[in-house]
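Beneath this line is the structure, given in structure tokens, with notes to follow.
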Amino acid sequence: MNWKQELEDHYEEREAYALYRMVMEERFGLSHTDILLGKDSQISEEKQEQLKEILERLKKFEPIQYILGFADFYGHRFSVAPGVLIPRPETEELVKTVISLAGDRVPAQTQILDIGTGSGCIAISLALEGYKLSAMDISEDALSIATKNASNLGAEISFIHENILHPSPCSDKWDIIVSNPPYVCASEANNMRFNVLMHEPHIALFVPDSDPLIFYRAIVSYALSHLNPGGWICLEINQAFPDKIKQLLTSFGFKDPIIINDQYGKNRIAYAQL
Ligand code: GLN
């Protein structure tokens, strides 16, 4: 089977090879060198059938992470399925920012809440650094994937099933609240890649154009009553709204919000102290 022909009608040459290489490595244990030596054309008929199925799925722009069932994030391997957003490299910056905000607090005594945990990638990565984590999501599907990830990776997390837009009363307090909520405007959908738009959960991605900060308002308001004094809020944001998010934080009484860029130079993280 000519994978090049199959994939290059749908992907750029480099991406097509990257996908093929990943499938060979993860599914069939063949390295880049093995491919150069032509070992990929010697795989069994059964494996060829599997490969054919995978190529068909890739041609429909199904994300490779859903096909293989995992995504790597912050040095850990997370199970992913269509019920959760695939962890993004830029979200690793959020984890790093939270760690730097925790500063010299003792990790085992630092309580962190992750709102909208999805696959659990943020919460679990932080828990594996020694912090005390709670993780919230509205989606039971997401919570079950996150619970499985926590147990596979040996992270202890307290999971909370909750809709942040209508939270139930709770007297718990945290030192840091982190979130990567849905922030893509419905009108931005036409600029999105097919693999994201057609396969990732819209509930984790989109907000109405009429109220793009809906989750930020809810999270910031929740943080106001659930952060310990001197606590931090740390949010992944839509690059188009840094000033509006800063204003929002200030209007709720957070001090001197800071925006930082991701590795692509886009406004991506907002943080502030109570
Ligand atoms: N950064 C993601 C994307 O561009 C969106 C993540 C989110 O909505 N929180 O697909």
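In this structure, is ASP114 in a strand (DSSP E or B) and crowded, with 17+ Cβ neighbours inside 10 Å?
Taking the combined requirement at face value, the residue satisfies it.
Run down ALA155, ALA135 and say which single residue is assigned to a strand (DSSP E or B), closer than 24 Å to PHE70 by Cβ and either aliphatic (A, V, I, L, M) or away from the ligand (no atom under 15 Å from the Cβ) (or both).
Just a single option satisfies the conditions, and that option is ALA135.
Which is of a type in the set (D, E, K, R) and under 25 Å from the mean Cα position of the chain (by Cα), of LYS52, LYS59, LYS4?
LYS59
Kindly indicate which of GLU53, GLU62 is more than 16 Å from the ligand (Cβ to nearest atom), over 20 Å from PRO181 (Cβ atoms) and either touching a Gly at 6+ places or on another chain (Cβ under 7 Å) or not aromatic (Phe, Trp, Tyr) (or both).
Sole residue among the options that is more than 16 Å from the ligand (Cβ to nearest atom), over 20 Å from PRO181 (Cβ atoms) and either touching a Gly at 6+ places or on another chain (Cβ under 7 Å) or not aromatic (Phe, Trp, Tyr) (or both): GLU53.
Quick one: would you say TYR74 is buried (at least 19 other Cβ atoms within 10 Å of the Cβ), away from the ligand (no atom under 16 Å from the Cβ), of a type outside the set (A, V, I, L, M) and within 22 Å of the chain's Cα centre (by Cα)?
No, not satisfied.
If I ask for residues that are aromatic (Phe, Trp, Tyr) and closer than 21 Å to VAL178 by Cβ, which ones from region 65-95 would you list?
PHE73, TYR74, PHE78
Here's the yes/no breakdown for (1) within 16 Å of the ligand (Cβ to nearest atom); (2) at pLDDT 95 or above; (3) surrounded by 13 or more Cβ atoms within 10 Å (Cβ to Cβ):
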site	(1), (2), (3)
GLY231	no, yes, yes
ASN238	yes, yes, yes
ASP243	no, yes, no
GLN247	no, yes, yes
PHE254	no, yes, yes
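Residues that are charged (D, E, K, R) and touching a residue at least 60 places away in the same chain (Cβ under 8 Å): does region 79-100 have at least one?
Yes, that holds for at least one residue.
In region 77-99, what residues are in a helix (DSSP H, G or I) and either among the hydrophobic types (A, V, I, L, M, F, W, C) or within 13 Å of the ligand (Cβ to nearest atom) (or both)?
Hits for region 77-99 are PRO89, GLU90, THR91, GLU92, GLU93, LEU94, VAL95, VAL98, ILE99.
Name the one entry in ALA102, ALA123 that is buried (at least 17 other Cβ atoms within 10 Å of the Cβ) and within 16 Å of the ligand (Cβ to nearest atom).
Every option except ALA123 fails the conditions.
I'd like the full set of residues that are in a helix (DSSP H, G or I), away from the ligand (no atom under 12 Å from the Cβ) and buried (at least 18 other Cβ atoms within 10 Å of the Cβ), limited to region 162-218.
Of everything in region 162-218, just one residue is in a helix (DSSP H, G or I), away from the ligand (no atom under 12 Å from the Cβ) and buried (at least 18 other Cβ atoms within 10 Å of the Cβ), namely ALA218.
Specify which of the listed residues (LEU143, LEU128, LEU68) is within 19 Å of ASP172 (Cβ to Cβ), away from the ligand (no atom under 16 Å from the Cβ) and not β-branched (Val, Ile, Thr).
LEU143
The values are calculated or read from the model by the stated rules, or taken from the named source; none is laboratory data. Just so it is clear, the model here is predicted, and its values are computed rather than measured. Reconstructed Cβ throughout: ideal geometry from the backbone, glycine too, with neighbour counts over all protein chains shown.
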